[in-house]
Structures are given as C-alpha cells and as structure tokens.
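The values are calculated or read from the model by the stated rules, or taken from the named source; none is laboratory data. Keep in mind the model is a prediction, meaning the values are calculated, not measured. FYI the Cβ positions are ideal-geometry reconstructions off the backbone, even for glycines, and counts take in every protein chain you see.
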Amino acid sequence: MQNWEKNLREITPYVPGEQPDFPDMIKLNTNENPYPPAPGVAAMLKEMKTEKLSLYPNPCAKLLVNELSAQYKIAPERIFVGVGSDDVLGMIFMTCFCSDKPILFPDITYSFYDVWAKLFRVPYETVPLDKEFRIRKEDYRKENGGIILANPNAPTSIAEGLDFIEDIVQRNQDSVVVVDEAYIDFGGESALPLLDKYENLLVVQTFSKSRSMAGMRIGYAFGSERVISAIYAVRNSYNSYTMNYPSIMCGAEALKDREYFEECIGKVVATRERVKRELRELGFSFPDSKTNFLFVTHESVPAEELFTMLREHHIFVRYFKTPRIDNYLRITIGTDTQMNRLLEVLKGYLGKR
Ligand code: PMP
C-alpha cells in the first residue's frame, strides 16, 4: 500500500437496484412509477428557456418551496428541499444526529441508513422488527441520539398508523425523530398532522415514487423552523446550489396537477390489489402492502431461484441476500400489462416445477 492510500476513506457504499437497459425488459426492481409525470412537466420542459441555464438557480428553490407550501399548507420556512430524499436524508443525518448516543432504526429497513451513519460517523443501533416484520414501538423507549423510521417501511411494505408514530415521537422529545415517507401516498397515514405538536419531528417525502419523477431527483422535508434552518445552514456549508433549475420548475409544475397525481396513485393501487389476489393463488404470501411494491415469499420455491428465472426473462425484481429476508422478493407494481406478463411467467414456471 502506498502511503497516500492510507489517507483514503474506505466505506462500503449503498448499492441501488441495477438499471439494466434491454428494449423488452420489465423493470420492477427500484420502485419507480410506471406512468409518466404530470402532462404539465412535459410542457414545462418544452417551454423552458435555455438562457436560464447560464444563471445559478435560486439557492432555496423558492418556486418549488412555495408550491409545496401551498399544496401542503405548511409555511415555506418549514420546508427543506434536496436532490431526491436521499440528499435530504443525508443532510438530516449530518445536521440532526450529532449526539454521542446511538441513533435507532429497524434492522430491516432502507439500507442507506447504516451507510449514512458510517459515512457521517454517527453511532447507531439497529432494533429488530418482530417475526411479522412489524416495528415494536416499545423498543424505542430507550436513550438515543435520534430515531429514523421509514413509514411505510421498505422493503417490508408495512405501514403503521398515526397513533403508533405519535407514541414514538411523543416519548422521544429529546431527540429528532425522522419519518421517511417515500411511499406514503400509496395508502399510508402521513405524520404531517403531528408537525404542529412536535418541534423535534421531521417528515421526509419524495417526487420519485408517487409523482413519477425519480429522474428529476426531488425530495423534501417538513419540520419546525428551528430544525429546517439548521439543515439549511449545514447544506449551505457544503453546496449552496443543490437544486437545478429544470428540477425546480418541473417540480413546481407537477405539484399543481392534483387530479393527475390522484389518478396515477389510483391506478397503481388498483393493480397492486389485483396482483395481491393473483400472487396468493400462486402460493405467494406477503405483508399487506401500502406501497407501490410487494414483499413476497413463495411456499416452496426459493426467492433467489425465482429472481434468477425472472431475470432470464428480462423481468427485473429486487432480491436482498441478507439475513431474515433472503427468501423474499421485492416486486414494484408496474402497469397492468407488465404485471400480467410477470404473472404469466411465474405461472408457467411454477406449473412446470
Ligand atoms: N427512502 C426510502 C425508504 C426509499 O426506498 C427510497 C428509494 N430508494 C428513498 C428514501 C430515496 O428516494 P429518492 O432519493 O429517489 O427520493
């Protein structure tokens, strides 16, 4: 090893789902929305004046923040926006988890949390989910330097109710409690109504799932003015211009079309409920998903075998080879046509086996 190499940071990074590129593929591995963004977004991109790109964007993404403020009836000072909720969550880890006490999160959850904890040298403790993959709220009654929960949780797809979340926030008023609501719009109960009661609560959401804009990279957090201004101070000590002009403009445009948003969610949820019934008939079981994905296991065929078989058919789903969940597949809800193809391939394979 060269001497300079000793100064390199060594870290095992988060590994996102692969982005394969086959013309005939069915991509159900990264929980993207199968429908396009609101029509206003395409119109905005067409009209956008390229001379605007020679200027720096507004550092606070004012237009987008104001539109979020109007839609969610939350003051602009209580909104932080970032480059996808990954950026928002990373900033929150840097800003809010500076205690010597460990932060807490479930052992099975979004696998970026432990990577950020290691990156930012935040001590952490994982709290096991129960046998049914449920969070036990009683386990969050010990000393901690912060709490982060995905609700609905990923990859389990299970949503906990508002009272459940409030119990955890209420009993942890000496820490910042972060609720990552990446999938909330598909049927969960948001913690937003708790914001006026608890200054230590942060609710994080994204345009990547329910608004079909993963490629635009827009995420946001709602919280008290105190905590939001602390996050901006850290962000502005690192990079002032995280949000690019097209994302700000298109994000604001997407928010205006409530009807399209609800229509898309309705379609995903209807497909999800039908696919649940059909998968059950094929011998699969799964928690009752409130997200745009299903977390399934088969009564006799190992998940890894199904993952490989589906891949050969260019149907991509997510498989995590990690303890407790290595016999499960996470399947994103696609269009009806995509899901019919998935069901047909599964039926064919399981019938012959
Ligand atoms: N939180 C959870 C639970 C997720 O599954 C994802 C998607 N990978 C994210 C946050 C980040 O999504 P994005 O950065 O696209 O907003």
Original post:
Which residue, of 198, 140, 110, is more than 15 Å from the ligand (Cβ to nearest atom) and either under 25 Å from residue 292 (Cβ atoms) or buried (at least 21 other Cβ atoms within 10 Å of the Cβ) (or both)?
Top reply: 140
**OP:** Give me the pairs, please: first residue somewhere in segment 325-337 and in contact (Cβ under 8 Å) with a residue 24 or more places away in the chain and under 16 Å from residue 283 (Cα atoms), second residue anywhere and part of a loop (DSSP other than H, G, I, E, B) and of a type in the set (A, V, I, L, M, F, W, C), beta-carbon distance under 6 Å, and either six or more positions apart or on two chains.
**Re:** 329/317; 331/28; 331/317
Original post:
Based on what the data block shows, is residue 211 over 30 Å from residue 349 (Cβ atoms), of a type in the set (Lys, Arg) and part of a loop (DSSP other than H, G, I, E, B)?
Top reply: yes
**OP:** Could you tell me whether any residue of segment 77-85 is at pLDDT 95 or above, in a loop (DSSP other than H, G, I, E, B) and within 15 Å of the ligand (Cβ to nearest atom)?
**Re:** yes
Original post:
Quick one: residue 168 ticks every box in (1) more than 16 Å from the ligand (Cβ to nearest atom); (2) within 19 Å of residue 14 (Cα to Cα) bar one, so which box is it?
Top reply: (2)
**OP:** Name the one entry in 203, 178 that is under 14 Å from the mean Cα position of the chain (by Cα), more than 11 Å from the ligand (Cβ to nearest atom) and not in a loop (DSSP other than H, G, I, E, B).
**Re:** 203
Original post:
Counting only residues that are among the charged types (D, E, K, R), crowded, with 18+ Cβ neighbours inside 10 Å and over 30 Å from residue 339 (Cα atoms), how many does segment 27-69 have?
Top reply: 1
**OP:** Answer yes or no: is there a residue in segment 209-217 that is more than 16 Å from the ligand (Cβ to nearest atom) and more than 12 Å from residue 88 (Cα to Cα).
**Re:** no
